[in-house]
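The values are calculated or read from the model by the stated rules, or taken from the named source; none is laboratory data. Computed from a predicted model, the values in this text were never measured in an experiment. Here the Cβ positions follow ideal geometry from the backbone for every residue, glycine too, while neighbour counts run over all protein chains shown.
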Amino acid sequence: MNTGVSQPDIAVNPAFIFALLFLPLFDITRVFIIRMLNGSSPFHADRNHLHHLILSHGFGHRSTALMMASFSLMFVMLQVLMPGLSANLFIVISVAMALAILNTRVIGWLATIHHKIFGNSNARNIRVRSN
């Protein structure tokens, strides 16, 4: 039924959608590469995903979920604050940020701070295979 009222056009920036999906895409690509370098199927289940890496440093499930959501929000904010950034440059900056933030040393440093503030009650014995 046509009411005669026109609906506004909604324009969705593809870079914004990419920013929303960046962390899961980065994680699955990273895990597939690790699995193939290890000679196993990219579809073989293991504990190489980012959330397992974070859990292995003693963070609880809530802290891990909050950390992953914060990382995702950071990529969205990067895109929102720099809307004129070309898609290619955004991808390069996002990958560089992800590699810098999500490496083992940074997660370990965050774990040290977390344990000093909240104690070590959430310690896990999960090993992440990287070789």
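Yes/no matrix, rows are residues, columns are (1) at pLDDT 85 or above; (2) in contact with a His (Cβ under 6 Å, 6 or more places away or on another chain); (3) closer than 20 Å to F26 by Cα:
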residue: M77; (1), (2), (3): yes, no, yes
residue: M82; (1), (2), (3): yes, no, no
residue: L85; (1), (2), (3): no, no, yes
residue: V92; (1), (2), (3): yes, no, yes
residue: L102; (1), (2), (3): no, no, yes
residue: I107; (1), (2), (3): no, yes, yes
residue: L110; (1), (2), (3): no, no, no
residue: H115; (1), (2), (3): no, no, no
residue: F118; (1), (2), (3): no, no, no
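Put simply, of R62, R30 the only residue that is of a type in the set (D, E, K, R), more than 20 Å from Q79 (Cβ to Cβ), assigned to a helix (DSSP H, G or I) and at pLDDT 90 or above is R62. Pairs meeting the criteria (first residue in segment 80-98 and within 16 Å of L23 (Cβ to Cβ), second residue at pLDDT below 85 and not β-branched (V, I, T), beta carbons under 7 Å, at least 6 apart or on different chains) are F90/A15.
The set of residues from segment 27-72 being under 24 Å from I113 (Cβ atoms) and surrounded by fewer than 14 Cβ atoms within 10 Å (Cβ to Cβ) comprises H61, R62, A65, L66, A69, S70.
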